[in-house]
Amino acid sequence: MTSAAELAWLIPVLPLAGAAITGLGLISFNRTVNRLRKPVAILLLSCVGAAAVLSFAILAEQLAGAPTIEVLFNWASAGTFNLQMGFRVDALGAVMLSLVTTIALLVMVYSDGYMAHDKGYVRFFTYLALFSSSMLGLVISPNLLEIYVFWELVGMCSYLLVGFWYDRDGAANAAQKAFVVNRVGDFGLLLGILGLFWATGSFGFEEIGTRLSEAVAGGSLSNAAAVLLCLLVFMGPMAKSAQFPLHVWLPDAMEGPTPISALIHAATMVAAGVFLVARLQPVYAPFPQVQLVIAVVGTITCFLGASIALTQMDLKKGLAYSTVSQLGYMMLAMGCGAPVAGMFHLVTHAFFKAMLFLGSGSVIHAMEDVVGHEPVLAQDMRLMGGLRQFMPVTSSTFLVGCVAISGIPPLAGFWSKDEILGQAFNTYPLLWVVGFLTAGMTAFYMFRLYFLTFEGDFRGNDAALQAQLLQEAGKPVQGAEGHDGGHGHHAAHPHESSWQMALPLAVLAVPSALIGLLGTPWHSRFAGLLDPREAAVMAEHFSWSEFLPLAGASVAVSITGIAIAGLAYALHKLDLATAVAARFPSLNAFLANKWYLDDLNDRIFVKGSRKLARQVLEVDAKVVDGVVNLTGLLTLGSGEGLKYFETGRAQFYALIVFGGVIALVVLFSSF
């Protein structure tokens, strides 16, 4: 009987086939296919749903103890060289397949409501299916070369989806920014893959790890060269998973439709980088310098994201910097040699972050009915407030997500984040301190988002505040009216979203609350699936005397952050603008301007490259063109001068020849 794992190749193929059918239909019969909204949605949902069923069947087999399956075929050969492709199914891949298909399916259901009135509905669903297929192909790839192929497909799909509303300057610019920043990381990844193949003769994960260690031990490759190759490969995950300093594209990617934000931030593009680092643990583990760099980069990223999120007023950008911070935690775990802890946080984070982003989309969708379709107004929390009474499902699920990400037990975020902090405490105590402080900041900014959005009085009808926000953004004051789709009528207050949008929120709330219980440190079923030996070691060395102080401190700092947010934004007993912003204006400006990293990139890379291009243009115009023009001028001048010697009379030519002979005689006689 054929096992589900042997059919794993169908998981990326099914969404790809659906996307190909609708994509070709859009190219060939655009108007007809665009009218078939529901049939297209049902087709693509069925494709992703079938992939999800197969993924869960594979996960069930892995839970039952099925071995790793790797099916390869020769894709290209030359002499003794064979380049193999195929697919690989193991516990890590099974977890990721189930996660990606689940989130993708829920996002597609949600998108049916969110994008219902968008003219690009069919194109959006086609992109979603292609994006899901690319990520699923990446997950089952058996070697680095095949991963690179799907890695680039994931990047292409993210470009298409971030710039989905390409007629908006913000979306077009954000897509270009994501493309350029990821090209930087992907160039390093390509160099690293080629370098590792040169050093080891293999693209397989375990083979590279074994042969690289042997090459260093045998002296055929220096330790520094091996570390450099590993770090070059790490540049790819740095960009994809938005690690400092290549994180700058992710917050701007909020210009795409909100369902895409949920998919990118939860289970696809940013998860690809963490997944690749986990896959490459056999390569990285023998080199402590590489692990240290990964841990430091992750720590800087988690603190940077949290600190910037403290000052954000745009709901989606606040969540985006939260994602940056949580990805930093995952990389910190990888650098501490704890890939299971990092992957566990990736899974728990995927559920509550998808729910939070879809919840923010529900809020923005409702706000657009009040303030119009101008993102400056619909996404600014200063115009929200009091939404709990209008949107009970959205507010309740958003609260669950805030509690989960803040690390309050027994919800999911506590178990995964606490496991990472415990690993950091044992490996790099200084980095643990930064992660510990970041946990308090996380609780504060997440409940700041919640209180500003759902508690207090509704502020969306304040025309003066709307005008002020539009002026701050450099928009015309009538901008909100110009972006309401031409309806000309705004509702008096928001309303709860349709069932297509509310149902995924309710479904995601369940794992956001409960899935963390699979990773309790005294009996971690998640670790038992991914690495039974590590699970046994965790259970054997578990000590309540070690667990309770660290966990208690983590919960205490989170509760402190929540309490400060409650005093400032719910009870209004603490004026942070006076207490912090006015007292430390430079610090406030530093955070509000995102550590000035965008300005720095603009000055060094954007303006610097333009200045270099202008200088090259001047060299081209003055030197290269000058040489060409001078050559042409000399040719033209000499032609003009010599034409007078072309008289057609033999006597004149004989005279010239005679004169030439005399000149040669004089010349040679002078030596």
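Restricting to segment 548-577, what's the tally of residues that are under 19 Å from Ala424 (Cβ atoms) and either open to solvent by 30 Å² or more (accessible area, probe 1.4 Å) or in contact with a strand residue (DSSP E or B) (Cβ under 6 Å, 6 or more places away or on another chain) (or both)?
Residues in segment 548-577 being under 19 Å from Ala424 (Cβ atoms) and either open to solvent by 30 Å² or more (accessible area, probe 1.4 Å) or in contact with a strand residue (DSSP E or B) (Cβ under 6 Å, 6 or more places away or on another chain) (or both): 6 in total.
Just give me the residues in segment 21-44 being closer than 30 Å to Ile69 by Cβ and either at pLDDT 95 or above or surrounded by 21 or more Cβ atoms within 10 Å (Cβ to Cβ) (or both), in sequence order. Before the answer, list the steps.
Of segment 21-44, the ones closer than 30 Å to Ile69 by Cβ are 21, 43-44.
Matches in segment 21-44: Leu44 only.
With the condition kept exactly as written, say whether any residue in segment 74-83 is open to solvent by 40 Å² or more (accessible area, probe 1.4 Å) and touching a residue at least 12 places away in the same chain (Cβ under 8 Å).
Checked segment 74-83: no residue is open to solvent by 40 Å² or more (accessible area, probe 1.4 Å) and touching a residue at least 12 places away in the same chain (Cβ under 8 Å).
When both residues are 6+ apart or on different chains and their Cβ atoms are under 9 Å apart, which pairs have a first residue that lies in segment 196-209 and is closer than 12 Å to Leu232 by Cβ, and a second that is at pLDDT below 90 and among the hydroxyl-bearing types (Ser, Thr, Tyr)?
Leu196/Ser202; Ala199/Ser220
Select, from Phe547, Phe658, Phe584, the only residue that is over 30 Å from Val184 (Cα atoms), out of contact with any Ser or Thr (no Cβ under 9 Å at 6 or more places or on another chain), aromatic (Phe, Trp, Tyr) and modelled with pLDDT of 85 or more.
Phe547
How many residues does segment 101-151 contain that are more than 27 Å from Asn30 (Cα to Cα) and either without any contact (Cβ under 8 Å) to a residue 40 or more places away in the chain or not aliphatic (A, V, I, L, M) (or both)?
Here the count works out to 11.
Filter segment 105-136 for residues that are touching a Phe, Trp or Tyr at 6+ places or on another chain (Cβ under 6 Å) and hydroxyl-bearing (Ser, Thr, Tyr) and give the result. Can you show your working first?
Taking segment 105-136 as the starting set, the residues that turn out to be touching a Phe, Trp or Tyr at 6+ places or on another chain (Cβ under 6 Å) are 115, 134.
The one that is touching a Phe, Trp or Tyr at 6+ places or on another chain (Cβ under 6 Å) and hydroxyl-bearing (Ser, Thr, Tyr): Ser134.
Table: residues versus (1) surrounded by fewer than 24 Cβ atoms within 10 Å (Cβ to Cβ); (2) assigned to a loop (DSSP other than H, G, I, E, B).
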residue	(1), (2)
Ser307	yes, no
Ala333	no, no
Ala341	no, no
Lys353	no, no
Gly359	no, no
Gly385	yes, yes
Phe398	no, no
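Considering only segment 312-327, I want to know if a residue exists there that is of a type in the set (A, V, I, L, M), surrounded by fewer than 24 Cβ atoms within 10 Å (Cβ to Cβ) and in a helix (DSSP H, G or I).
Here is the first cut: in segment 312-327, the residues of a type in the set (A, V, I, L, M) are 313, 315, 319-320, 324, 327.
Cutting the leftovers down to surrounded by fewer than 24 Cβ atoms within 10 Å (Cβ to Cβ) gives us 313.
Then drop every residue that is not in a helix (DSSP H, G or I), which leaves none.
No - not one qualifying residue is present in segment 312-327.
Which condition breaks for Ser545 when tested against (1) open to solvent by less than 60 Å² (accessible area, probe 1.4 Å); (2) among the small types (Gly, Ala, Ser); (3) farther than 30 Å from Phe458 by Cα?
Unmet for Ser545, out of (1) open to solvent by less than 60 Å² (accessible area, probe 1.4 Å); (2) among the small types (Gly, Ala, Ser); (3) farther than 30 Å from Phe458 by Cα: (1).
Checking Ser55 against (1) under 30 Å from Pro532 (Cα atoms); (2) open to solvent by 30 Å² or more (accessible area, probe 1.4 Å), which test does it fail?
The one condition Ser55 does not meet is (2).
Considering Ile103, Ile193, Ile140, Ile147, which residue is crowded, with 24+ Cβ neighbours inside 10 Å and over 19 Å from the mean Cα position of the chain (by Cα)? Can you show your working first?
Values: Ile103 fails: over 19 Å from the mean Cα position of the chain (by Cα); Ile193 fails: crowded, with 24+ Cβ neighbours inside 10 Å; Ile147 fails: over 19 Å from the mean Cα position of the chain (by Cα).
Every option except Ile140 fails the conditions.
Run Met156 past the list (1) out of contact with any Lys or Arg (no Cβ under 8 Å at 6 or more places or on another chain); (2) part of a helix (DSSP H, G or I); (3) touching a residue at least 40 places away in the same chain (Cβ under 8 Å); (4) of a type in the set (A, V, I, L, M, F, W, C) and report the number of the one that doesn't hold.
(3)
Look through segment 217-249, keep the residues that are in contact (Cβ under 8 Å) with a residue 60 or more places away in the chain and open to solvent by 30 Å² or more (accessible area, probe 1.4 Å), and return whichever of them is nearest to Val180 (Cα to Cα).
Ranking the qualifying residues of segment 217-249, first place goes to Pro245.
Go over the candidates Ala242, Ala199, Ala224, Ala253 one by one and state the one that is in a helix (DSSP H, G or I) and modelled with pLDDT under 90. First the steps, then the outcome.
On the way: Ala242 fails: in a helix (DSSP H, G or I); Ala199 fails: modelled with pLDDT under 90; Ala224 fails: modelled with pLDDT under 90.
Of Ala242, Ala199, Ala224, Ala253, the one residue that is in a helix (DSSP H, G or I) and modelled with pLDDT under 90 is Ala253.
Please go through segment 154-190 and give me each residue that is among the aromatic types (Phe, Trp, Tyr) and either open to solvent by less than 10 Å² (accessible area, probe 1.4 Å) or touching a Phe, Trp or Tyr at 6+ places or on another chain (Cβ under 7 Å) (or both), ordered by number. Break it down stepwise before answering.
Of all residues in segment 154-190, those among the aromatic types (Phe, Trp, Tyr) come to 159, 164-166, 179, 187.
Across segment 154-190, the qualifying residues are Tyr159, Phe164, Phe179.
Condition (residue is surrounded by 11 or more Cβ atoms within 10 Å (Cβ to Cβ), among the hydroxyl-bearing types (Ser, Thr, Tyr) and either under 48 Å from the mean Cα position of the chain (by Cα) or within 30 Å of Val248 (Cα to Cα) (or both)) applied to segment 593-601: is it met by at least one residue?
As a first pass, look at segment 593-601 and keep what is surrounded by 11 or more Cβ atoms within 10 Å (Cβ to Cβ): 593-601.
In the following step, the residues that additionally are among the hydroxyl-bearing types (Ser, Thr, Tyr) were identified as 596.
With either under 48 Å from the mean Cα position of the chain (by Cα) or within 30 Å of Val248 (Cα to Cα) (or both) added as a condition, the list becomes 596.
Checked against the condition, which is being surrounded by 11 or more Cβ atoms within 10 Å (Cβ to Cβ), among the hydroxyl-bearing types (Ser, Thr, Tyr) and either under 48 Å from the mean Cα position of the chain (by Cα) or within 30 Å of Val248 (Cα to Cα) (or both), segment 593-601 yields at least one hit.
The values are calculated or read from the model by the stated rules, or taken from the named source; none is laboratory data. The structure presented is a predicted model; accordingly, all values stated were derived computationally and were not measured. A quick note on method: Cβ atoms are made from the backbone with ideal geometry, for glycine too, and the neighbour counts reach across all protein chains shown. All accessible areas refer to the heavy atoms of the entire protein, side chains included, with ligands and DNA or RNA removed. Shrake-Rupley method; radii C 1.70, N 1.55, O 1.52, S 1.80 Å.
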